[in-house]
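The values are calculated or read from the model by the stated rules, or taken from the named source; none is laboratory data. Predicted model, so just to flag it, every value in this text is computed and none were measured. In this analysis, Cβ positions are derived from the backbone assuming ideal geometry, glycine residues included, and neighbour counts consider all displayed protein chains.
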Amino acid sequence: MGHSAHGDNYITAEKGLMSWFTTLDHKRIGILYFVSVMSFFLIGGIAALLLRAELFSYNAAPNVGEIFKNGDVYNQVLTYHGAIMVFMVIIPGIPAILGNFFLPLQIGAKDVAFPKLNLLSWYCLMAGAALAVTTMFTTRIDTGWTFYTPYSIRTQTAVSMMVVAAFIMGMSSILTGLNFIVTVHKLRAPGMTMHRMPLFVWALYSTAIIQVLATPVLAITLLLLAAERTFGVGIFDPKLGGDPVLFQHFFWFYSHPAVYIMILPAMGIVSELISTFSRKVIFGYTAIAYSSLGIAAVSFFVWGHHMYVSGQSELAGTVFSFLTMLVGVPTAIKMFNWIATMYKGSIQFASPMLYAMGFIFLFAIGGVTGIILATLALDVHFHDTYFVVAHFHYVMVGGTLMAIMGGFYYWFPKMFGKMYNEFAAQLSFVFIFIGFNVTFFPQFILGSMGMPRRYFDYIPAYQPLNRISTVGSWLIAIGFLIALYTIIDGLINGKKAPNNPWGAKTLEWQTTSPPPVLNFDHEPVVTAGPYEYK
Amino acid sequence: MSTSRVIDGVNVQTHYRDVEHQLSAAKQGIWLFMVTEILMFGGLFVGYALYHMRYPEMFAEGARFLDWRLGFINTLVLIFSSFTVVVGIYYCQANQMKKAAAALGVTILCGVIFMVIKYFEYTHKFHMGIYPGNMLDLAKLNHHLAEAGEPLIKSTNLGLYFGFYYCMSGLHGIHVILGMSLLGWCMFRALRGDFNANYYTAVDGVGIFWHIVDLVWIFLFPLLYLVG
């Protein structure tokens, strides 16, 4: 690559589509992830809208047509909604988009440790996604995103192909995590000690540990499931003395930590936003940093709470119940620290801050209902009802998606060198926040009334609350359409962004917007912590 | 951005300070990747432990059909190959690339011997009707045993043992083949003159991978062959 002229940034340094598909620049790879993950989000979101539309009325209700011909189609759409949103949107979401772009910038590095692996990881995600989308044109898949045995062994749908797709996407996740761990250890700028790293970096680091340690277990689980279907090896097959519940243990040994792959980086973003928009040093920096590691550590010992009613022993259930509640401790530490940071701060209600506060509100509800579900006796009543659905949507959508939107608005000026329309951004927040609560709060009530999840139909008594929920889903859709508008409008008509529009203190704001190819014109030397507001 | 400059005869990417810095990052990355390999096999080992606890007689009965002598030869072959890969690295450090390539070649040869022995083991089992899981042909197997005057099979779920046998040794075999390809790639690069005494990261990394593959076999051998 030749010398780039002075004043060139990472976007203008090279021209042409191929320069993007072969790029080794972590910032450009972040943009590749952004475009692809947002496209997957659109597909997963349309599936969600269809599901909610189907549930607008019970099937025998007068004067309404059905969206789906039968329950089979509903099960398939449900599976794609779950699998796409989990494997292709929320897991890669924050680390691969914002993490790729900002982790090196925040620690003053020129790139991630292994740029080629970084690009390979994007190609893995795309290959896996292509395979997953291909299954839509074959026999499709109807197992739900969890692929539970024994049904997943017996069903005639394209489980093997989907499982291989998830395996390849897991590779992508491992490569990203591995890259981040080494980057954090080896590429920090002079003076950037571990305890001067921004909390977003701490969160990504904790996430990366989970990605590297948990994903291989999913890999072997999925391989065994594929082997079970192809060769009938018997490991999950009761006919040969195999144990279908073993599959659940293996699956959740990955997938529960994976829940923290989804939420930890979101918490990292919120730490950045709260400090910046309160103009205050973050309260309890060390506590927040280590609580991320704490959540990562505990996450490996709570998987059994997905199996309270799967024939697990009562002793195991009790232990898992206790361990699960333990997650509440580091989480609450973060919540209290954020609120303490805002206390007596000079708070600016810009759109990223609105999303951060939305996160705190929604995540509190998601977290507290998590404690309810962790309680053995209550879970016997609530398991497999809409209460669970509402709980994890509050955590994953109310938590992760709120944070990703907040983070995206926060860093948009740095990524593209342009400002977006603040009014439209705030409007998107209002629609998404209200729409979210309208959609999912009634589901808590439906769940406690006993409405089971994953069904195509329900009794007439559940209809009013389901209708409210469906209307809420339309509000969310409007909110995201407005958000899409702010992005496109900002890219085309946005005013030129200053280097540090928010007056933030972390390193990425010290370089130009958008950053030059090597991130900084001079290697930064760090002499203070990340949030030294006066 | 992956531009680079040459320091001490080594391409050092722009985001690293010097040769040592770049190497230490690569080493850390390789070890992290090895952790993922071990955890992946870990799933199989956990499953094995669980079912062995439930059905000890069935595992003992299955191990009857594995020839410990062949397994033992394969163990020796792999341990020897771990030695030759270290010899390869030694010659890289001494800047004797032809000898390094030869040592890697011997390592690949060991891999080939291992796979050939595995091939004969597998085909012999297929001949006896021993397939994994549900595909195991118990009638055919008992027929063979009756002809040879050996005791018949009592476990009805013998296929489960062979489910583990084929999954574990099969996944390991795939890793041996991967390792051989990677060694071949290192050999090719050594002969092309890519490496010197300051730079042989690829050989180092593939060497670590090969040791781990070897190590997994050292656990598989007693668990599968000697368990009776």
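Are any of the residues in the stretch A:312-320 part of a loop (DSSP other than H, G, I, E, B) and surrounded by fewer than 17 Cβ atoms within 10 Å (Cβ to Cβ)? There is at least one residue in the stretch A:312-320 that is part of a loop (DSSP other than H, G, I, E, B) and surrounded by fewer than 17 Cβ atoms within 10 Å (Cβ to Cβ).
Within the stretch A:358-378, restricting attention to residues that are part of a helix (DSSP H, G or I) and out of contact with any Gly (no Cβ under 9 Å at 6 or more places or on another chain), the residue that is farthest from A:Arg279 (Cα to Cα) is A:Ala377. Would you say A:Leu120 is more than 20 Å from the chain's Cα centre (by Cα) and within 22 Å of B:Thr3 (Cα to Cα)? The answer is yes for A:Leu120.
Tell me, which residue of the stretch A:499-534 that is on the phi < 0 side of the Ramachandran plot and exposed (fewer than 14 other Cβ atoms within 10 Å of the Cβ) is nearest to the chain's Cα centre (by Cα)?
Looking at the filtered set, the residue picked out is A:Glu532.
Could you please find all residues in the stretch B:159-175 being hydrophobic (A, V, I, L, M, F, W, C) and more than 9 Å from chain A (Cβ to nearest Cβ)? Matches in the stretch B:159-175: B:Met168, B:Ile174. Does the stretch B:56-70 contain at least one residue that is surrounded by fewer than 19 Cβ atoms within 10 Å (Cβ to Cβ), within 14 Å of another protein chain (Cβ to nearest Cβ) and in contact (Cβ under 8 Å) with a residue 40 or more places away in the chain? Taking every residue of the stretch B:56-70 in turn, at least one turns out to be surrounded by fewer than 19 Cβ atoms within 10 Å (Cβ to Cβ), within 14 Å of another protein chain (Cβ to nearest Cβ) and in contact (Cβ under 8 Å) with a residue 40 or more places away in the chain.
Results for (1) without any contact (Cβ under 8 Å) to a residue 12 or more places away in the chain; (2) within 11 Å of another protein chain (Cβ to nearest Cβ); (3) aromatic (Phe, Trp, Tyr); (4) within 26 Å of A:Ala296 (Cα to Cα), shown as yes or no for each residue.
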position	(1), (2), (3), (4)
A:Cys124	no, no, no, yes
A:Pro150	no, no, no, no
A:Thr155	no, no, no, no
A:His185	yes, yes, no, yes
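Apart from one condition, B:Cys92 fits all of (1) surrounded by 14 or more Cβ atoms within 10 Å (Cβ to Cβ); (2) more than 21 Å from B:Gly184 (Cβ to Cβ); (3) more than 14 Å from every other protein chain (Cβ to nearest Cβ); the exception is (2).
Within the stretch A:241-262, the residues that satisfy the criterion of being farther than 16 Å from A:Val163 by Cα, within 7 Å of another protein chain (Cβ to nearest Cβ) and not aliphatic (A, V, I, L, M) are A:Gly241, A:Gly242. Please verify whether the stretch B:111-124 includes one or more residues that are within 14 Å of chain A (Cβ to nearest Cβ), crowded, with 18+ Cβ neighbours inside 10 Å, over 17 Å from B:Asp214 (Cα atoms) and not β-branched (Val, Ile, Thr). No, the stretch B:111-124 has no match at all. Scanning the stretch A:223-240 for residues that are more than 7 Å from every other protein chain (Cβ to nearest Cβ), of a type outside the set (D, E, K, R) and buried (at least 23 other Cβ atoms within 10 Å of the Cβ) returns A:Leu225, A:Phe236. Selection within the stretch B:23-51: residues that are more than 9 Å from every other protein chain (Cβ to nearest Cβ) and within 30 Å of B:Val6 (Cα to Cα). The member of this set that is nearest to the chain's Cα centre (by Cα) is B:Met34. Among the numbered conditions (1) of a type in the set (D, E, K, R); (2) in contact with a Pro (Cβ under 9 Å, 6 or more places away or on another chain); (3) at pLDDT below 95, the only one that A:Lys414 does not meet is (3).
Table: residues versus (1) buried (at least 16 other Cβ atoms within 10 Å of the Cβ); (2) within 14 Å of chain B (Cβ to nearest Cβ); (3) within 27 Å of the chain's Cα centre (by Cα); (4) in a loop (DSSP other than H, G, I, E, B).
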site: A:Lys27; (1), (2), (3), (4): yes, yes, yes, no
site: A:Arg52; (1), (2), (3), (4): yes, no, yes, no
site: A:Asn59; (1), (2), (3), (4): no, no, no, yes
site: A:Pro62; (1), (2), (3), (4): no, no, no, yes
site: A:Ile67; (1), (2), (3), (4): yes, no, no, yes
site: A:Val89; (1), (2), (3), (4): yes, no, yes, no
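Among the residues of the stretch A:61-83, at least one is of a type in the set (A, V, I, L, M), in contact (Cβ under 8 Å) with a residue 60 or more places away in the chain, out of contact with any Gly (no Cβ under 6 Å at 6 or more places or on another chain) and under 30 Å from A:Leu119 (Cβ atoms). Within the stretch A:169-183, being surrounded by fewer than 23 Cβ atoms within 10 Å (Cβ to Cβ) and either more than 8 Å from chain B (Cβ to nearest Cβ) or acidic (Asp, Glu) (or both) holds for one residue alone: A:Met171.
Out of A:Ala166, A:Ala208, A:Ala214, report the one residue that is at the interface with chain B (Cβ under 10 Å from one of its Cβ atoms), part of a helix (DSSP H, G or I) and within 30 Å of A:Ile153 (Cβ to Cβ). Explain how you work it out, then say what you get.
Values: A:Ala166 fails: at the interface with chain B (Cβ under 10 Å from one of its Cβ atoms); A:Ala208 fails: within 30 Å of A:Ile153 (Cβ to Cβ).
On inspection, the qualifying residue turns out to be A:Ala214.
Residues in the stretch A:227-268 that are among the charged types (D, E, K, R), in contact (Cβ under 8 Å) with a residue 60 or more places away in the chain and assigned to a loop (DSSP other than H, G, I, E, B): 1 in all.
Evaluation of B:Ile130 against the conditions (1) in contact (Cβ under 8 Å) with a residue 60 or more places away in the chain; (2) closer than 18 Å to B:Leu215 by Cα; (3) among the hydrophobic types (A, V, I, L, M, F, W, C) shows that the sole unmet condition is (2). Among the candidates A:Ser271, A:Ser292, A:Ser275, the residue that is part of a helix (DSSP H, G or I), out of contact with any strand residue (DSSP E or B) (no Cβ under 8 Å at 6 or more places or on another chain), at pLDDT below 95 and among the polar types (S, T, N, Q) is uniquely A:Ser292. Tell me yes or no: at least one residue of the stretch A:324-342 is closer than 16 Å to A:His383 by Cβ, in a helix (DSSP H, G or I) and under 26 Å from the mean Cα position of the chain (by Cα). Within the stretch A:324-342 (the criterion being closer than 16 Å to A:His383 by Cβ, in a helix (DSSP H, G or I) and under 26 Å from the mean Cα position of the chain (by Cα)), the answer is yes, since at least one residue qualifies. In the set (1) touching a residue at least 40 places away in the same chain (Cβ under 8 Å); (2) within 14 Å of chain A (Cβ to nearest Cβ); (3) surrounded by 18 or more Cβ atoms within 10 Å (Cβ to Cβ), the condition left unmet by B:Thr75 is number (2).
Restricting the search to the stretch A:111-122, which residues are in contact with a helix residue (DSSP H, G or I) (Cβ under 8 Å, 6 or more places away or on another chain) and within 14 Å of chain B (Cβ to nearest Cβ)? The answer is A:Asp111, A:Val112, A:Ala113, A:Phe114, A:Pro115, A:Leu117, A:Asn118, A:Leu119, A:Leu120, A:Ser121. Yes or no: A:Met126 closer than 20 Å to A:Thr207 by Cα, modelled with pLDDT of 95 or more, assigned to a helix (DSSP H, G or I) and of a type in the set (A, V, I, L, M)? Considered against the rule, which asks whether it is closer than 20 Å to A:Thr207 by Cα, modelled with pLDDT of 95 or more, assigned to a helix (DSSP H, G or I) and of a type in the set (A, V, I, L, M), A:Met126 comes out as no. For the stretch A:432-453, the count of residues that are touching a residue at least 40 places away in the same chain (Cβ under 8 Å), of a type in the set (Lys, Arg) and more than 30 Å from A:Pro62 (Cα to Cα) is zero.
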